[in-house]
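The values are calculated or read from the model by the stated rules, or taken from the named source; none is laboratory data. Quantities reported herein were computed from a predicted structural model and do not represent experimental measurements. In this analysis, Cβ positions are derived from the backbone assuming ideal geometry, glycine residues included, and neighbour counts consider all displayed protein chains.
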Amino acid sequence: MAVGAPSHRLEEYMKTSARALNIDGDFLYLPGSMLVSINDKLTMSTEVTLVRESQSVDLGKFKDVFWVYKCVIHGKYTAQEGTDELESIMKKRQRHNTLFRIFAYGIAAVAVGPFAFSSRPIDFGPSFILGCVLGFLQLVVVTRSQQFSHVFEVLATVIIAFVARGLGSIYYNGTPVFCFSAIAQSSIALILPGYTVLCAALELQSKNIVAGSVRMVYAIIYSLFLGFGILIGSVIMGKSFI
């Protein structure tokens, strides 16, 4: 859950692990948490635990975690060895430093612009800078301020839309120099809820109606917040010109 495993298979992963360790357990996944029920047939007792973990995506660590999972279910690792490996993976530092990751945000904004939002070569520079700003806010500011994380999406889109609208208002010979929509949309591409929608669709397809519905509604509301931030940023810039 912490590294972005496909949520529609989490219960299957846990059941397979419990079977490999000779544990009689039942598991119920809900967005952001999992109910774990361990049954003891000898004493006819049951221990129920609620595990809470915020959903994030780290595909590098997910690959390592899945490798440990396969080693445990195939008997190559004991439960203690698997637990120790998982703890070392979660404590491991990021594979790339923060500056490189912020730079990657800018490159991703430039790369997604031409085929997704019809941006022109002249829009690449602003898209790169605003993409780096988004990366700085998400990787540096959010990690240092818990309060800012609750308004990160709206504030980031307001800032990006404000700057993009200002650039889009620059005209030369009666035509705009920069494209507002291409710059604004490509700069926020990395916080669009695409992975959330994918997980929700897979959960609904696997008949996990509760988790899939909750995640799909969250993705819709999240998208509305992004649109609201773009609207506010463009309106503020428009009012400032007036």
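Can you find, within the stretch 178-216, the residue that is nearest to Phe152 (Cα to Cα) among those that are of a type in the set (A, V, I, L, M, F, W, C) and touching a strand residue (DSSP E or B) at 6+ places or on another chain (Cβ under 9 Å)?
Val214
Can you pull out every residue in the stretch 8-30 that is in contact with a Gly (Cβ under 9 Å, 6 or more places away or on another chain) and in contact (Cβ under 8 Å) with a residue 60 or more places away in the chain?
His8
Keeping to the stretch 178-215, report how many residues are assigned to a loop (DSSP other than H, G, I, E, B) and surrounded by 15 or more Cβ atoms within 10 Å (Cβ to Cβ). Outline the logic, then answer.
Of all residues in the stretch 178-215, those assigned to a loop (DSSP other than H, G, I, E, B) come to 178-179, 188, 192-193, 206-208.
If we keep only those that are surrounded by 15 or more Cβ atoms within 10 Å (Cβ to Cβ) too, we end up with 178-179, 188, 192-193, 206, 208.
Adding up the residues that qualify gives 7.
I'm checking my understanding of the structure. Among residues of the stretch 84-93 that are exposed (fewer than 13 other Cβ atoms within 10 Å of the Cβ) and free of Cβ contacts under 8 Å to residues at least 24 places away in the same chain, which one is nearest to Met14 (Cα to Cα)?
For the stretch 84-93, the residue satisfying everything is Glu87.
Find the residue count for the stretch 12-31, including only residues that are surrounded by fewer than 16 Cβ atoms within 10 Å (Cβ to Cβ), within 25 Å of the chain's Cα centre (by Cα) and not aliphatic (A, V, I, L, M).
1
Can you pull out every residue in the stretch 132-158 that is part of a helix (DSSP H, G or I), at pLDDT below 85 and over 18 Å from Arg101 (Cα atoms)?
Matches in the stretch 132-158: Gln146, Gln147, Phe148, Ser149.
List every residue pair whose Cβ atoms lie under 8 Å apart, where the two residues are 6 or more positions apart in sequence or sit on different chains, the first residue falls within the stretch 57-75 and is farther than 28 Å from Gln138 by Cβ, and the second residue, located anywhere, is polar (S, T, N, Q) and surrounded by fewer than 17 Cβ atoms within 10 Å (Cβ to Cβ).
Val72/Thr78; Ile73/Thr16
For the stretch 110-131, give me the residue count where each residue is assigned to a helix (DSSP H, G or I), touching a residue at least 24 places away in the same chain (Cβ under 8 Å) and under 17 Å from Leu167 (Cα atoms).
So the count comes out to 9.
Is it the case that the stretch 159-177 has a residue that's at positive phi, outside any helix (DSSP H, G or I), at pLDDT below 90 and not polar (S, T, N, Q)?
yes
Among helices (runs of 4 or more DSSP H) lying entirely in the stretch 1-109, which contain 2 or more residues that are in contact with a strand residue (DSSP E or B) (Cβ under 6 Å, 6 or more places away or on another chain) and modelled with pLDDT under 90?
Result: 10-20.
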